[in-house]
Amino acid sequence: MNRRRFIASALTAAAASSVGVGCERKEFDLLIAQGLVFDGLGNEPAVMDIGVRGDRIVALGDLSGRSCHRWINAAGMAVTPGFIDVHAHSDVALLANPNAESKIHQGVTTEICGNCGDSPYPLDEVRSRETIAALQRQYELAVNWRDLAGYFDQVEKNGVCLNVAVLVGHSSLREAAMGPDDRAPSATELRTMCAILRDYLALGALGLSTGLEYKPGMYAETGELIDLCKEVAKQGAVYATHLRNEDLRVEEALDEALAIGAAAGCRVQISHFKACQKRNWPKTSRLLKTVDRARRDGLEVCCDRYPYTAYSTSLKLLFPVWSRAGSDEDLIARLSNEREWLKIRAFVQDKIEALGSWESVLITRVSSPERKQCEGQTVARLAGDDDPYDFVRQLMIDAKGDVSMCGFAMSEEDTAAVLTYAHTMVGSDGDSLAPYGVLSRGMP
């Protein structure tokens, strides 16, 4: 679609319609003429007219000669329903700036937030205080809600220019109920998590999400997730999961997700379906066959995927799970210890060799003002002639572990294969951004 021409045509029609309309009654408030219409139902596109009255499409077909207040000539252009970003992280960004420019300008009219186990609810005054403080620093707003009802109220109060639907983040749920500890929940804590999840699903949450590569969700054992997903199943909701591993052990991680869905009897959505690192690319076809087999066995499972070959995450994910246990202060202490660093470095070296080189790691955000110049550059370029492993170690220490990255780890062929798979939905895995204010920070 020539978006500029379409928008210009719409604005011109809007301006014209404001002159001389008066109280004259027309059949349609808006008529979009002769566009190639993709209906979103899988049907072949067809050239037709669209008649709109109020906020509803009321007629499709040949509407030539019918009266309207506004008319847009869409000949030679595609016309579609608004896109659904099925995997987004704009939960708090939409409160900081409700205009959602980066999404609206790409045709997105619905955001599904609360993915990867991370939602800005529930928030416990004590257990979640670090999360609350971090959100307030990042978005420069008062986090004055603590539950989903409060979050919904805040969205309604602020207003937002697109539709918002949400999942309940398992990591957020776990932190609010039992803190960030690496342990199984007590019976009481598990009942608390189930009760909160049940209430939020009744309020309209679409399901439960997990981020099993991130703290504290990564501490959950399969049984805990099955128990929570039984609540999901009761409400006919969905379990959307960022798998426990997306590279060497991705096949086992997918098996776990499918087993959880089967045991709980709930629908499953595999988040940003992929096999990272070149050595794992041959697994993609096997992973898709595994999903097909589960569907034949009666499990309703789908996946989502973004249309690019890089992933975005914390730089901490380059390090082994044991090194990330506890707080960021614990991670920095391990990085500062020479003996511990040698063990961490060996793990990181294997990951980087699998990615190809440090050219595949792009620093996108650094919390430390003194290291802001690192944003938007690869580690290879930043390190220059110095040891890139030592550079990353020092960067993490200087920024107290708060560094984000993009890793270029997927193939174009695999990306195309997943996107064209019959049961894949498209998502950005991104925030809503803007060219100004707090949402302009970093190097997206």
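Each reported figure results from applying straightforward, stated rules to the coordinates on display, with no laboratory input. Fair warning: this is a prediction, and the values are worked out from it, not measured in the lab. Counting neighbours? That spans all protein chains shown, and the Cβs are built from the backbone with ideal geometry, glycine included.
A few points about this structure:
- Compactness of the chain, expressed as Rg and Dmax over alpha-carbon positions, Å: 23.9, 82
- Cross-link pairs beyond the 20 Å C-alpha cut-off, checked among K157/K215; K215/K278; K316/K372; K274/K372: K157/K215; K215/K278; K274/K372
- Within straight-line reach of K230, meaning a Cα separation under 19 Å, there are no lysines at least 8 residues removed in sequence or on another chain.
- Shape call, the range 206-331: gyration tensor on alpha carbons, a/c limit 1.5: oblate
- Helices in the chain, meaning DSSP H runs of at least 4 residues, each add -39500 (n - 2.57). Divided by all residues, the mean residue ellipticity at 222 nm is -11500 deg cm²/dmol.
- GNM remark for the chain: springs join alpha carbons under 10 Å apart, and the peak mean-square fluctuation among E340, E101, E256 falls on E340.
- For L212, L36, order by how many other beta-carbon atoms lie within 10 Å, fewest first: L36, L212
- Our compactness index for the range 38-183, the C-alpha radius of gyration over the empirical 2.2 N^0.38 Å, is 1.40.
- Rounded to the nearest 10 degrees, the angle from helix 283-296 to the longest Cα principal axis of the chain is 60 degrees.
- Hydrodynamic radius of the range 346-444 per Kirkwood, over alpha carbon pairs, in Å: 15.4
- Cα long-axis angle, helix 129-139 against the chain (0 to 90 degrees, to the nearest 10): 50
- Rounded to the nearest 10 degrees, the angle from helix 388-398 to the longest Cα principal axis of the chain is 80 degrees.
- Here the range 161-284 is treated with +1 on each Lys and Arg Cβ and -1 on each Asp and Glu Cβ, and its dipole about the Cα centre works out to around 320 debye.
- Exposure proxy for H105, H87, H69: other Cβ atoms within 10 Å of each Cβ, ordered fewest to most, give H105, H69, H87.
- For M425, residues with placed amide H under 5 Å, excluding near neighbours: C303, D304, R305
- For q = 0.21 Å⁻¹, Debye-computed log10 I/I(0) when each Cα of the range 126-209 counts as one equal scatterer: -1.14
- Other residues lying with their Cβ under 13 Å from the Cβ of F347 contribute a combined charge of +3, Lys and Arg counting +1, Asp and Glu -1.
- Radius 12 Å from Cβ of S432, net charge of other residues (Lys, Arg +1; Asp, Glu -1): -4
- Among E156, E231, E359: highest mean-square fluctuation, GNM of the chain, C-alpha pairs under 10 Å: E156
- For the range 158-169, 3J(HN,Hα) per residue [Karplus equation, 6.51 cos²θ - 1.76 cosθ + 1.60, θ = phi - 60°, Hz, x = Gly/Pro]: 6, x, 8, 8, 9, 7, 10, 10, 9, 10, 9, x
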